[in-house]
1. Accessible area per residue for region 410-476 in Å², computed with a 1.4 Å probe and the full protein assembly in place, what is it?
2. Give the cross-link partners of residue 225 among the aspartates and glutamates, using a straight C-alpha distance below 19 Å as the criterion and excluding same-chain residues fewer than 8 apart.
3. Order the following by accessible area, largest value first: 448, 279. Probe radius 1.4 Å; ligands, DNA and RNA are ignored.
4. To the nearest 10 degrees, how steep is helix 109-129 against the longest Cα principal axis of the chain, on a 0 to 90 scale?
5. Please report the relative contact order for the chain, taking Cα pairs under 8 Å with a sequence separation of at least 6, and give it as a percent rounded to a whole number.
6. Taking every DSSP beta bridge with both residues inside region 65-207, roughly what % is antiparallel (nearest 5)?
7. Over the heavy atoms of residue 261, what accessible area does a 1.4 Å probe trace out, to the nearest 10 Å²?
8. Compute the Cα gyration tensor for region 45-99, then decide on rounded, prolate or oblate, letting a ≥ b ≥ c be the square roots of its eigenvalues: rounded whenever a/c is under 1.5, prolate when a/b is larger than b/c in the other cases, and oblate in all that remain.
Amino acid sequence: MPSAGYGLVVVSNRLPFDVSIDPDGQPSWVRSPGGLVTALEPVMKEADGAWLGWCGAADAEFDPFDVDDMRLVPVPLSEGDVEDYYEGFANDSLWPLYHDVIAPPAFHRLWWESYRRVNRRFAEAAAKQAAQGATVWVHDYQLQLVPAMLRELRPDLRIGFFLHIPFPPLELFAQLPWRRQVVEGLLGADLIGFQRAADAANFVRVVRRLTELTTRGQVITIPGKHGHSPRHVRAAAFPISIDSKKFDALARTPEVQQRAKDIRKELGDPKVLMLGVDRLDYTKGIRHRLKAYGELLDDGRLTVPETTLVQVASPSRENVGAYQQLRDDVDKAVGRINGEYSNFGQPAVHYMHHAYPPEEMAALYLAADVMLVTALRDGMNLVAKEYVAARSDDRGALVLSEFTGAADELTGAILVNPHDIAGLKDAITYAAHLEPREARKRMRRLRRRVLTNDVALWSETFLAVLTAVPVRTTHG
């Protein structure tokens with residue numbers, strides 16, 4: 001660590017590298033998938049930055065270390081922390097609450113205490129690493145108390161916060177027993193970024209209702225203490241994206257192009273190949289998608305083997321009850337559809353319950369005629385953007401839920417309300433029979449948007465707005 005600390009500190013629940021311990025107890029670090037590291041790596045290197053987060057293994061303590069010219073600072077979590085702070089409060093209280101209460105959130109005081117304790121640990125670690133007047137960028141719903149805790153410890157810092165998931169309307173957020181503490185935690189930041197303008201508006205409305213603070217447009221004013229000048233907090237939309245040029249280049253490689261052809265062949269060369277790619281999460285609308293597809297086969301509007309659906313659902317939070325239930329439901333739905341509509345050697349649904357490397361994903365996207373994104377609520381949904389980035393052939397159709405952040409940007413998509421099964425069926429049928437000319441027109445529009453607004457632009461824009469905030473040397 002430079003004697004004066006780091007000029008940019010990124011704080012997220014997980015480090016961008018996962019640890020695996022060999023039989024001799026020696027750690028090795030594997031880069032974890034995800035767009036955040038792609039976005040921030042160049043900025044981190046340029047700014048001589050440090051990244052703080054948990055290594056993914058409970059009760060493991062590691063000293064800070066360097067990988068790929070990045071300083072990584074592991075923040076330890078005990079088994080109890082993982083259970084109460086992470087699986088409990090973050091994923092069984094906040095996650096369902098912030099996703100429209102699709103599953104009922106559970107509120108336990110023990111979980112809340114753990115959340116507060118762990119957020120304090122992250123704030124103290126960040127305070128220790130940051131140089132005088134440094135910029136600290138805190139990420140996501142697991143760490144919403146960090147901005148205020150950090151400001152208390154280090155009033156000289158510029159603090160940004162970005163929420164990767166939706167922020168709920170007041171009527172839902174108000175259910176949270178610790179709603180005021182969470183709002184005050186977030187207001188420790190100078191800039192709070194959201195995926196959609198609607199999320200930022202929800203937050204400002206919550207501030208107006210739950211605090212005495214003055215708001216004007218996107219700006220919330222916090223009065224200065226002891227004669228100091230007031231502090232201004234801005235809440236605004238910064239829609240996240242992917243490394244679209246890299247994904248576009250990957251999909252153009254001869255290997256991926258050939259693999260896409262092979263996939264279609266292996267699936268029996270269907271006339272229409274449909275694709276769903278999701279984490280196995282109740283927010284993703286997988287049950288709704290399967291219901292609509294099953295009914296279309298039942299109605300005879302789609303037939304097997306002319307049509308087939310590939311559903312990739314990577315495992316997720318398997319210790320949480322609602323996820324186990326979802327897995328059972330999806331298994332049953334796939335089994336029922338295949339039992340009724342498959343031909344010998346030609347299943348109606350090919351269901352894969354595991355994750356794939358980017359090369360295979362790019363090939364799947366290229367092979368698919370119709371991409372189905374039917375999330376019931378999603379902060380952004382990067383799969384929709386990956387599909388578009390892969391389609392340098394200007395073909396394919398994207399059926400996209402209007403409840404995703406991506407729906408605000410991807411105006412060439414076929415938008416759907418996944419709760420409206422009849423409407424969803426019509427949209428899927430429309431996409432399956434889309435005229436090539438219209439498909440090209442829509443895809444070109446989509447690609448212009450995705451290739452221009454990439455993840456590098458997202459991080460540059462957020463950091464430019466944050467670093468324009470004047471540095472404060474005293475408590476406000």
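The values are calculated or read from the model by the stated rules, or taken from the named source; none is laboratory data. The structure displayed is predicted, hence computed values, not measured ones. FYI the Cβ positions are ideal-geometry reconstructions off the backbone, even for glycines, and counts take in every protein chain you see. All accessible areas refer to the heavy atoms of the entire protein, side chains included, with ligands and DNA or RNA removed. Shrake-Rupley method; radii C 1.70, N 1.55, O 1.52, S 1.80 Å.
1. Normalised by residue count, the accessible surface of region 410-476 is 53 Å².
2. 152, 156, 184, 190, 212
3. Accessible-area ranking of 448, 279, largest first: 448, 279.
4. 70
5. Value for the chain: 15 percent.
6. Just about 25 percent of them are antiparallel.
7. 130
8. The shape class here is oblate.
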